[in-house]
């Protein structure tokens, strides 16, 4: 009886050993797979993303660090979309806008951003330059990116009416208006995630949304940013608005990245109360404005010599719109972390 048990144990042991033995073909396939993975891993890299041109970052500046990012916008405004989404030619205006983003990491979960603006505009006959409205922003880091969780950042922006918006020069036909005349509070949220769908060309995806709430009415007099005439005197209840931004970055190499933004903006009607004023032909002057929207894209290219600084440049232009401007803009920027 014991002999039969011993024989059975020997047979089972041999069968288990035989099942673990791999054929030369299996060994070769596993070797080739491991070699491919090894060679791919040697070529993989973490790109030096600067971020696309329009969509904001979902990551705060680290505590105690400073990030600066100047922007230059060279914009040619040549038309407007009407209520039927047709582009109608308007007086051509050339504009240079300078923005300086100064960002400081207050704590590991909070950073502070200051964004002053300046404008230079001209037409064939007129030139104007002045400061724009100034924004101060708080960023709250909710989540930091992990292999399975995106970065999530809440933002709260307060815009101050430091730009010029009323008592404009009628000869300049509105190009001297650089602000909205109201305080604006803008809560928002930003998500971002690096995706390794293409191991040798990782992608970064960003999505941002914000809602803009004017905190007061704009007291207007004469010609102003919302219309008017020489004898206009009243207030404009500026409509609320919101924006959705999608940013995609596709790495070509560690220092070179292609990017694009897709931007949707929606604004609600602005209404006027007070003395509307009269145009030179005796008609009632227009004040305020209708609801509007705009869909635009901004393809760009990034070059970062190192992980703390980089250049980005590209174009920005609308695809369609309603009661909004039609333009083409060249944008150049540099970002540096200290």
Inset, instruction - Restricting attention to the stretch 122-141, report how many residues are surrounded by fewer than 19 Cβ atoms within 10 Å (Cβ to Cβ) and over 19 Å from the mean Cα position of the chain (by Cα). - result: 9
Legend entry - Options 88, 93; residue that is touching a strand residue (DSSP E or B) at 6+ places or on another chain (Cβ under 9 Å) and surrounded by fewer than 17 Cβ atoms within 10 Å (Cβ to Cβ): 88
Inset, instruction - Specify the residue that is farthest from residue 187 (Cα to Cα); the eligible residues are those in the stretch 101-119 that are in contact with a strand residue (DSSP E or B) (Cβ under 8 Å, 6 or more places away or on another chain) and surrounded by fewer than 14 Cβ atoms within 10 Å (Cβ to Cβ). - result: 108
Inset, instruction - Residues being without any contact (Cβ under 8 Å) to a residue 60 or more places away in the chain and surrounded by 17 or more Cβ atoms within 10 Å (Cβ to Cβ): count how many of those fall in the stretch 251-273. - result: 7
Inset, instruction - Kindly indicate whether any position in the stretch 54-62 is surrounded by fewer than 16 Cβ atoms within 10 Å (Cβ to Cβ) and either under 25 Å from residue 255 (Cα atoms) or modelled with pLDDT of 95 or more (or both). - result: yes
Inset, instruction - Filter the stretch 141-157 down to the residues that are touching a residue at least 60 places away in the same chain (Cβ under 8 Å) and in a strand (DSSP E or B), then identify the one that is farthest from residue 212 (Cα to Cα). - result: 151
Inset, instruction - Would you mind listing the strands (runs of 3 or more DSSP E) fully within the stretch 177-226 where at least 2 residues are more than 25 Å from residue 265 (Cβ to Cβ)? - result: 184-195, 218-221
Inset, instruction - Confirm whether residue 198 is assigned by TED's automatic domain parsing to the domain that holds residue 141, closer than 29 Å to residue 145 by Cα and modelled with pLDDT under 95. - result: yes
Inset, instruction - Using the structure shown, decide if residue 191 is under 18 Å from the mean Cα position of the chain (by Cα), in the same structural domain as residue 238 (by TED's automatic domain parsing), over 14 Å from residue 121 (Cβ atoms) and surrounded by fewer than 19 Cβ atoms within 10 Å (Cβ to Cβ). - result: yes
Inset, instruction - Sort through 324, 304, 296, 333 and tell me the only one that's over 12 Å from residue 73 (Cα atoms) and within 15 Å of the chain's Cα centre (by Cα). - result: 296
Legend entry - Wholly enclosed strands (runs of 3 or more DSSP E) of the stretch 240-338 bearing at least 3 residues in contact with a strand residue (DSSP E or B) (Cβ under 7 Å, 6 or more places away or on another chain), at pLDDT 95 or above and in the same structural domain as residue 52 (by TED's automatic domain parsing): 241-251, 256-267, 292-306, 309-322, 324-337
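The values are calculated or read from the model by the stated rules, or taken from the named source; none is laboratory data. It should be emphasised that the depicted structure is a prediction, and the values quoted were computed from it without experimental measurement. Neighbour counts are summed over all protein chains in view; Cβ atoms, including those assigned to glycine, are modelled from backbone coordinates with ideal geometry.
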